[in-house]
Structure formats: C-alpha cells, structure tokens
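Below is one structure, written out as structure tokens; the observations come after it.
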Amino acid sequence: MATRDATAWFPGGGLGAYSQAMFRVRQAVLAGRRPDSAPRDVIGASWRRVSARGLDPGGGPELEPLDDTELIRAREQSGLHPLLPQLRSHLLPAAESAGQLMVVADTEGRVLWREGSSAILKHADGLGFVGGSIWTEGNVGTNAIGTCIVTGIPVHIHGAEHYADTHTPWTCAAAPLHDPLTGKLLGIVDLSGPTHTVHAGTLSLVNIAARLAELEIRSAHQERLSLLRAVAAPMLARMDGKAIVVAQDGAVAAVTGFSVPEFVPLPDDLAAGAAWLPALGHVTAEPLRGGWLLQLHDDAITARERDGTRMVLDLAGAEPLLRVSGPNGNWTQSPSPRHVEILLSLVRHREGRSASQLADDLFADSSRTVTVRAEMSRLRRTLGPLLQRQPYRIAAGVESRLLLPANIANLMSASSAPIVTQVRASSRPRPLPTGSGASLRASKTRT
C-alpha cells in the first residue's frame, strides 16, 4: 500500500532544514504568495481542499468535542473495541518510549481512544486533541487523521505541514483500518506527539499495526462464514437453479449455479420474501441464523425497465441514504461517505466524469485515479447496471434526484471533498432583490 511519509522528504540538511523550509512555504501559501518550493503533493492537495472550504488557519475547530455520553456511544457504535488489545500491544510501547500518543479514531474522525504518558496527554489537551474531538480536515485542517480519511492511505503530517497554526508544533502518522473484504473504512489508528518525537519508522509501524488488525478481522470473519456455510449446506444441496448464501454484511458464504464475487451489497431494508438487488436482480430472500439465503430469478434488467428507475441521493437527514425504485422493485442503502461524494459528482454531472475528473472532485488531485477506480468498482458492484463506465456516469434513462439539507452548511460536515464544497457554495441562497416580495423556501432542495 502506498504511504505518504514526511520523513522521506527530508532534504540533505535533515529534519531541521526541512521544518524551516516548510514553515516558509506555509507562510507564503497562507499569505497568497508563490512559495520558493512546493509542498508535498499530499499536503498541497489537502491545503487546497481546506482553503476552498474557508477554514481559518488561526481559528478554532468548527465542531466541539463530543460529551462523555456521546463519546461512549460513539465507541460502542464504531465496533473497534475488540481491536484495541492488539493495537495496544503493537503501538503503545513504541508510543510511550518515543513520547507520543496512540490514538484510535472512527470514520468521522472522532478521537475515540488516546493513550500515552500523562505529560503527553496534557500537551495534547492544550491542542484540543482530546477524547471526542473531531479531527477531520473540514474541522481542524490538514492533519494525519483527517487527511488519511480523505486519501484512504497512510499519511505522515509533520510540523508546518499542518494547516492550523496551533498544530504546527505537532507531528502525527495515521493509517486507515479497512474491512478486508468490503474495503469499507472502519477507523483510523494514529501515533502523535510534539515535533521533536518524529521518527522515520513511525508511519511504517502504524501501517503494520493496522494491517495486522485487518488480518484479525478477516480471521474472525472467516469463522463466522464457516458457521453460516454449515447451516446452509443442506439447504443448497436440495436446490435447483441459482442460489447464494450471504452473511448479514453481504459476504458470500456459499453459492450454487453460478459464480459471484466475495461480497454482494445488501440493502438496509432487506426482509424475507421477494426483493430486488441492483447487483443480482430479483431474488427471494430467506433469513438464516447469521445471514440470508437468496434464490435468484433469471430476469436481467432490460433497457426499457431501467428507463423507469429512479435514484434518489438523500442528504437532508441525519445520515445519507440512497434510494432506488422502479419497475424492478425498491432498494435502500446507507452509502459510505466516499460513495456519497462520488454519487454527488455523478448526479451533478450527468454527462459523466473521467477517473481524473472524479479524483479532482474528491481529492483536489487529478492523479489519484487508482483510488477512484477501486472505489468505482465497489460502487458498481452495489448499483450494477445503473452505473456505466467510460466515462463513469449514471445510466441513460435512470432519473436521479438530490435532496439537500435546509441549512446547506450541514451538508456532509465532515467532508472536505471539493465537490461537496462546490455544492455548499452553489446552493447557498442569494440575496433577493429589494421589494421583490419573493420568499426563500427553507426546505429540502431538489436538483
């Protein structure tokens, strides 16, 4: 996996010279001047995203930390607690010996756990780096946790590479924790401390710890699939035609009559009986202990049927929802933040987007095409023929709608993707002409 390590960029003069050079680069960029040298690509892209969002480098976070009750709830909902013993065993000794903190954050950038010496914890308190604080780019600017969430790869941010003034005395290295089957982001693991604690091996250590945790997830997952497979085997043996057994998360345990990938996305509202899945077509769903038995029917989606399909990306509520309805049936799912950003771009650009254009929409970096193609592959497994390629686009004949919150500032508050920033800016109400008598409707917006 590619990484973005600040220490790999130290020039011949070493850490001190690099830190001084980055301080001058940062000062020039924030003042609107052309710097003598460019920041690292990952830093430049992050600064562009944060600047476009309008974040003040001298200001404080836009969102306050969670209170104790909310923090406990966020820990429970994250599902990361079982991984803590392994992460501690790999990272905490190194963190304590180096004078750093081990931090685990959720997919929204919330600091769920932070552990280390009392002196470093107190130092972090002074930066607002506390339990329940939200370290997305959109809330506190360029930082390892937030930038890692955006890029999806391990990132090291050092000193003046941070966007916020108060964070420049800090160094941090973060790596993503992904579900090894679905690729879904589960959280972020991070080592952070004062700039003098920086070490060339920190990012590699964090990345290795994250990968070992993912192996543990895969092992536990395989055990669950084995149990489900044993339950389903007698049923599949008696069946003719196509059938598939999947876990609650869509992981494939067994199949007969055809071949499928390791994972089949399931709608949030799947229930026993007839159902329609964009990736499989019409199915009959039967609940099993720990999963579902899906019997497939040979009725591929025709162009005529697709023409009557409606796709609604609803961003007006507490969590994003994707609703698909039409002649084939109805389907609802809560897409990941990254998939929401992609769909937002495709809804606004019905003519389609190339991989480089989508990379610019998501990362302010048109070179990130490999990441875009991987995410589009996952999204097309979910939506099947409703999405097309070359360019990536919503299929012709599929109606698409976008529902936005009444207060557009609340649109995906954790996101710093340029496409989200553009929608926030373009959807803000404009002043009405004096005496026009017109009124603005503070309701969900349809585009």
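None of the figures in this text is laboratory data; all of them are computed from the coordinates on show. What you are looking at is a predicted structure, and each value in this text was computed from that prediction instead of being measured. All Cβ positions, even for glycine, are placed from backbone atoms using ideal geometry, and neighbour counts span all protein chains on display.
Relative to the longest principal axis of the C-alpha atoms of the chain, give the angle of the C-alpha long axis of helix 202-237, reported between 0 and 90° and rounded to the nearest 10°.
Value to nearest ten degrees: 10.
Scanning the chain for GluC sites (Glu not before Pro) in DSSP loops with at most 14 other Cβ atoms within 10 Å, what's the longest stretch left with none?
Result for the longest clean stretch: 1-261.
Could you tell me the relative contact order of the range 165-282? Use alpha-carbon pairs under 8 Å, at least six residues apart, and round to a whole percent.
Here the relative contact order equals 17 percent.
Evaluated at 10 °C with a viscosity of 1.306 mPa s, what Stokes-Einstein diffusion coefficient in µm²/s does the range 6-218 have when Rh comes from the Kirkwood expression over alpha-carbon pairs?
Here the translational diffusion coefficient equals 92 µm²/s.
Take the alpha carbon atoms of the range 241-288, find their center, do the same for the range 316-333, and report the distance between the two centers in whole angstrom.
The range 241-288 and the range 316-333 have Cα centres spaced 18 Å from each other.
Can you work out ³J(HN,Hα) from phi for every residue in the range 378-389, in order, using Karplus 6.51 cos²θ - 1.76 cosθ + 1.60 and θ = phi - 60°, giving whole Hz and x for Gly and Pro?
Result, ordered by residue: 5, 5, 6, 5, 6, 9, x, x, 6, 10, 10, 10 Hz.
To the nearest 10 degrees, how steep is helix 68-78 against the longest Cα principal axis of the chain, on a 0 to 90 scale?
50 degrees
If all Cα-Cα distances of the range 239-296 are sorted into 10 Å bins from 0 onward, what percent lands in each bin, rounded to whole numbers?
25, 66, 9
Below 8 Å between Cα atoms, with a sequence gap of 6+, how large is the relative contact order for the chain in percent?
12 percent
Based on DSSP, what percent of beta bridges with both residues in the chain are antiparallel, to the nearest 5?
90 percent
Determine, for 145, 394, the number of other Cβ atoms within 10 Å of each Cβ, and report the residues in order from fewest to most.
Arranged by neighbour count, lowest to highest, 145, 394 become 394, 145.
Gain in length, residue 200 to residue 332, computed as 0.36 nm per residue apart minus the alpha-carbon separation, to one decimal in nm?
Result for the pair: 43.0 nm of gain on full extension.
Based on C-alpha coordinates, I'd like the Rg and Dmax of the chain, in Å.
Final numbers for Rg and Dmax: 23.6, 75 Å.
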